[in-house]
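The values are calculated or read from the model by the stated rules, or taken from the named source; none is laboratory data. Keep in mind the model is a prediction, meaning the values are calculated, not measured. Cβ coordinates were reconstructed from backbone atoms using ideal geometry, including for glycine residues, and neighbour counts include every protein chain displayed. These accessible areas exclude ligands, DNA and RNA; they are computed on the full protein's heavy atoms, side chains included. Shrake-Rupley method; radii C 1.70, N 1.55, O 1.52, S 1.80 Å.
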Amino acid sequence: MDVLDLARLQFAVTTNLHFLFVALTLGLVPLVALAQTWFVITGRERFELMTRFWGQVYLINYALGIMTGLVLEFQFGMNWSGLSHFAGDVFGAPLAMETMTAFFLESTFLGLWIFGWRLLPRLVHLALIWLVVLTAYTSAFWILVANSYLQNPVGSRVVAGRLVLEDFGVLVANPHLVTAFPHVVGAALLSAAWVVIGVSAHHLRRGSAPEFFTLNLRWGVWLAAGASVLVFVSGHRSAGPVEATQPGKFDGALTPVFDSMMLIGDLLGLFTLLVLLPMLWRDRLAGARRFLGALVMLVPLPFVASALGWVVREVGRQPWLVHGHLTVAEAISPGVSAGAVLVSLVLFTVVLGALAATNVVLICRAAARGPERVVLGAPPVNVTEPAIPSVGGGAA
Amino acid sequence: MNELWLVVFGVLVVGCFALEGAAVGIALALPVLGRDEAERGQVIAALGPMVLLTEVWLVAAVGLLFGLYPRVEGELLSGLYPWVVLLLVAWVVRDAGVWFRGRGASARWRHGCEWMVCAGGVGTAVAWGLALGALATGDVFGLVGVVLALVVALLFGVHGVCVAARSWGGPRAVALVERPVVGGLSRPWVSGVLASVPVVVALATGAEYLMADTVGAGTLAVLAVFVLPALGVGAVIQWWGWRLLSRSGGLPERSRSFF
């Protein structure tokens, strides 16, 4: 393998890890916010428990998004400085705006949300999680602006051998973005919905906290139904722009990948709409124990479909990095050796791979424990260790 | 115009050293700030929400580096390759330790995570020093880098102890700074300014180089519309968050509910 293959492999590994875990983060956070809203409105304890239970799963997962995202952000400059050299004036802007208008605010709001349980007024605390939702989706938007530009570089022109931004409005109205953003959002919501369905089914099958998980199952199925429709409609609408600018993208080696993604999406959608949704009537689904076991097995499918979708979109762009302008081979950083890329590839893969595996185990464990053992937002009474005695004043 | 953007970029970079420097410092000083498992647990519980507020400064600084000075971004990150890799790995290891410690039930698990927090903190500070040394001399590997690695680790460590003492009232940290001469100087803003000195020198030296690479006027206009308001809003919320965190003495008994 030469330096190009190694750098591409490194990007593929980190992006896919990032994409899969961030999909769950993106999909879960509106559910957490909705549950908390219901709690604030109705005052019913089960909605608070729901907020804390899924909030904890969401938080465990959030860390992996930061870790993989940080590595990704630096990788552009480390391995692909040709991209920043040639297209930095255009491609760098949405990335800069993602960090400033989205991530910078998102993490700050989230830190205060975790910290603010039982400390801040209820409505302020609720507003914080909705601000996390808003900034999380803003983040996804800017990233897809950047990605769509690589697929279909609009709103710019080449001046003195470099791309410069000509029309920002055209950049954010990119037909590849207009269809891909709802598609990715749908895929994220679908992944989260199936995690909710799977965890609820697991508990219902064992008869633990049946009332709580019947409620969660209902939310999960409705979310899956909505997300399936969104994925289906946006997916079919994206065929047009792709055919127009990247004809033959789905031909050849990518055909089975593309078909598998569609098959998973269509079958899951039909199954949700025709079987699961009707079975919510009189909570038939929650009582169908043997059937619930099968539902648990389906949880990985939306994630598989998401990874396949990524492969179609990104491998289908090859050999271009900026379609029609800059090839991947031209973008590799000059002066970076294959050895350096190999060492970092091994390090990132081992460290991030181990953390991803740990993350999955921790999420499964937190989800399997049930709602009574959630620590996020638990009243301070539950704490057994002694508190730090207050020494020296709190002013800073 | 270019000078103004350099100031905006400088604010983020200094924010990264002054705020995130404290979080890195607390991580690397963990064995000093927490002598037993319960104490270390309290330090990490207070560090958790703080890290969410501080590490965004690095992400934002690098994001704006890409948005404002894309060619410098490419040259810097590919030129400083080994230290960037060290920074990233150490960063990820520290984050993972902070995040995962509260998720395991066994003492071995918690101890392992504490090691990750400390080693990650040391690695991050050292990587910054080595990278600054490479920038100063032009040699990726050199003695200046090693010296700067020690300097940055020391500055971050002292800064971390000051923040832990003055903002949270952590007993071990307070005991460290409550000395005749040190006591008066152990204000977080003093240690924060000191922690930022290396990067301010680097910024001042590289100002011309950075500004020469500023992106075109069209891109700057777009950035101004989105980035400046976001920075303003973010700064206000961060200020509120920091006040909340420190006014409540780090509030470990509440934030331990996750970390």
For this session: Can you tell me which residue among B:Val92, B:Val122, B:Val146 is farther than 24 Å from B:Val62 by Cβ and either assigned to a helix (DSSP H, G or I) or of a type in the set (Phe, Trp, Tyr) (or both)?
Result: B:Val146
For this session: Would you mind listing the helices (runs of 4 or more DSSP H) fully within region A:198-316 where at least 3 residues are touching a Phe, Trp or Tyr at 6+ places or on another chain (Cβ under 6 Å) and open to solvent by less than 60 Å² (accessible area, probe 1.4 Å)?
Result: A:300-315
For this session: Mind counting the residues in region A:80-113 that are at the interface with chain B (Cβ under 7 Å from one of its Cβ atoms), open to solvent by less than 10 Å² (accessible area, probe 1.4 Å), over 16 Å from A:Ser148 (Cα atoms) and touching a residue at least 24 places away in the same chain (Cβ under 8 Å)?
Result: 3
Exercise. Going by the structure shown, is B:Gly138 modelled with pLDDT under 95, in contact with a Gly (Cβ under 7 Å, 6 or more places away or on another chain) and surrounded by fewer than 21 Cβ atoms within 10 Å (Cβ to Cβ)?
Worked result: no
Exercise. Hey, any hits in region B:23-45 for a residue that's more than 30 Å from B:Ala107 (Cα to Cα), in a helix (DSSP H, G or I) and more than 7 Å from every other protein chain (Cβ to nearest Cβ)?
Worked result: no
Exercise. Which one of A:Ala331, A:Ala338 is more than 25 Å from the chain's Cα centre (by Cα) and buried (at least 17 other Cβ atoms within 10 Å of the Cβ)?
Worked result: A:Ala331
For this session: Return only the number of the condition from (1) in a helix (DSSP H, G or I); (2) more than 7 Å from chain A (Cβ to nearest Cβ); (3) open to solvent by 10 Å² or more (accessible area, probe 1.4 Å); (4) more than 30 Å from B:Gly138 (Cα to Cα) that B:Ala105 does not satisfy.
Result: (1)
Seminar exercise, completed: Filtering region B:64-92 for residues that are more than 7 Å from chain A (Cβ to nearest Cβ), open to solvent by 20 Å² or more (accessible area, probe 1.4 Å) and under 30 Å from B:Arg108 (Cα atoms) leaves a count of 1
Seminar exercise, completed: Filtering region B:177-199 for residues that are open to solvent by 20 Å² or more (accessible area, probe 1.4 Å), closer than 20 Å to B:Leu150 by Cβ and under 14 Å from the mean Cα position of the chain (by Cα) leaves a count of 4
For this session: Report, by residue number, each residue of region A:348-372 that is closer than 29 Å to B:Val140 by Cα and in contact (Cβ under 8 Å) with a residue 60 or more places away in the chain.
Result: A:Phe348, A:Thr349, A:Leu352, A:Gly353
Exercise. Taking region A:1-60 only, how many residues are among the hydroxyl-bearing types (Ser, Thr, Tyr) and surrounded by fewer than 20 Cβ atoms within 10 Å (Cβ to Cβ)?
Worked result: 3
For this session: Kindly provide the set of residues from region A:373-384 that are farther than 21 Å from A:Gly198 by Cα and without any contact (Cβ under 8 Å) to a residue 24 or more places away in the chain, ordered by number.
Result: A:Val381, A:Asn382, A:Val383, A:Thr384
Problem set entry | Test: A:Ala357 is within 29 Å of A:Ile114 (Cα to Cα) and at pLDDT 95 or above | yes
Exercise. Counting only residues that are facing chain A (nearest Cβ under 7 Å), surrounded by 24 or more Cβ atoms within 10 Å (Cβ to Cβ) and of a type in the set (A, V, I, L, M, F, W, C), how many does region B:54-63 have?
Worked result: 3
For this session: Starting from region A:329-347, take each residue that is without any contact (Cβ under 8 Å) to a residue 24 or more places away in the chain and list its partners that are charged (D, E, K, R) and outside any helix (DSSP H, G or I), counting only C-beta distances under 9 angstrom and pairs at least six apart or across chains.
Result: none
